[in-house]
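See structure below.
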Amino acid sequence: MSSHATATDGVRLHVEDTSQGTPIVFVHEFGGDQRSWEPQVRFFSRRYRCVTFNARGYPPSDVPEDVGQYSQARAVEDIRDVMDHLEIERAHVVGLSMGGFAALHFGMAHPDRALSLVVAGAGYGAEKEHEEYFRTLSRDVADEFEEQGSEAFSHTYGMAASRIPFLVKDPRGWGEFRRMLGEHSAIGSANTMRGVQAGRPSLYDLEEALAKIAAPTLIVVGDEDDHCLNPGTYLKRTIPSSGLVVMPKTGHTLNLEEPELFNRTVAEFLASVEQERWPARDPRSQPAEIMKTK
């Protein structure tokens, strides 16, 4: 069922609500949109209520022209506004890349609304040594979207290093991803790059807040998504109730590149959460300890 949720600042967000059961809210990456979750909706809607939505800036959601209406905090509140629109009190929140950051921040901002968190491919711009370079690069990418348009620039953006494993493994799937990217609003993409991507804080500056996340959390990264590997292990060490999965020979577009493995991994996680078998790390399992002597 399609509808539009109105965010608290008046921006309308296009929502798709499928099936019944415990809700899962899927939050898409910068290069994708709600269509990117189709392999997951088809799988999980057999047992769960699946919700996808297009972020602001991604038609048929509204495309505000004011970059001030785009931010990491606003992306978090948009998840909440979609849930409120559908009268969902609590949900599993699954996000990839930009959506993974939003899911993680949602867990910090609204701990009472998250049944669990899946944080996939979240790391770009988090590494302190690359922080300023990432911000500069994000602003450059925004300029290119405006100057070239989405269709022309999608051929360049889609060839980023972390997308190449997808291209090599599944050229047809990558081609669909690239085509959909080319259909995005150039203004919306540019404003999202400037307001959300370039403006979000480094995960390494949020250690105290991350350590307070109580929701069961699954962190997923591809082993050829280099700038997510170190942030992924950092999140694993920092969030007490987290687990880390590294997918072999896999890049950034995890859910599309390896849909069966991604779905199976998330399904096992959700089953563990629902059986209350995903506890926080046992305090006896100290990371600094190598062997027991006494």
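Among the residues of the stretch 23-44, those that are over 25 Å from residue 6 (Cβ atoms) and touching a strand residue (DSSP E or B) at 6+ places or on another chain (Cβ under 7 Å) comprise 40, 44. Looking only at residues in the stretch 119-130 that are under 8 Å from the mean Cα position of the chain (by Cα) and outside any loop (DSSP other than H, G, I, E, B), the one that is surrounded by the fewest Cβ atoms within 10 Å (Cβ to Cβ) is 120.
With respect to residue 206, determine if the residue is buried (at least 23 other Cβ atoms within 10 Å of the Cβ) and either more than 19 Å from residue 118 (Cβ to Cβ) or of a type in the set (A, V, I, L, M, F, W, C) (or both). In short, no. Whether any residue in the stretch 217-228 is free of Cβ contacts under 8 Å to residues at least 40 places away in the same chain, touching a strand residue (DSSP E or B) at 6+ places or on another chain (Cβ under 7 Å) and either among the β-branched types (Val, Ile, Thr) or not in a helix (DSSP H, G or I) (or both) is what I want to check. Checked the stretch 217-228: at least one residue is free of Cβ contacts under 8 Å to residues at least 40 places away in the same chain, touching a strand residue (DSSP E or B) at 6+ places or on another chain (Cβ under 7 Å) and either among the β-branched types (Val, Ile, Thr) or not in a helix (DSSP H, G or I) (or both). Counting only residues that are not aliphatic (A, V, I, L, M) and not in a helix (DSSP H, G or I), which one in the stretch 137-175 is surrounded by the fewest Cβ atoms within 10 Å (Cβ to Cβ)? Taking the candidates together, the pick is 149.
Which residue is nearest to residue 133 (Cα to Cα), if the candidates are limited to the stretch 196-209 and must be within 16 Å of the chain's Cα centre (by Cα) and of a type in the set (A, V, I, L, M, F, W, C)? Only one residue fits best here, namely 198.
Number of residues in the stretch 117-150 that are among the charged types (D, E, K, R) and closer than 30 Å to residue 93 by Cα: the value is 7.
Among the residues examined, residue 244 does not qualify as crowded, with 20+ Cβ neighbours inside 10 Å and touching a helix residue (DSSP H, G or I) at 6+ places or on another chain (Cβ under 9 Å). Restricting the stretch 181-195 to residues that are among the aliphatic types (A, V, I, L, M) and under 19 Å from the mean Cα position of the chain (by Cα), the residue that is nearest to residue 59 (Cα to Cα) is 181. Exactly one residue among 178, 80 is closer than 22 Å to residue 13 by Cα, surrounded by fewer than 24 Cβ atoms within 10 Å (Cβ to Cβ) and within 20 Å of the chain's Cα centre (by Cα), and that residue is 80.
Checked against (1) in contact with a strand residue (DSSP E or B) (Cβ under 9 Å, 6 or more places away or on another chain); (2) in contact (Cβ under 8 Å) with a residue 12 or more places away in the chain; (3) over 27 Å from residue 58 (Cα atoms), residue 206 passes all but condition (1).
Throughout, read-outs are computed from the coordinates displayed, never taken from laboratory work. Every value quoted in this text rests on a predicted model; they were computed, and no experiment measured them. Quick reminder, even Gly has a Cβ in these numbers, built from the backbone with ideal geometry, and neighbours come from all protein chains shown.
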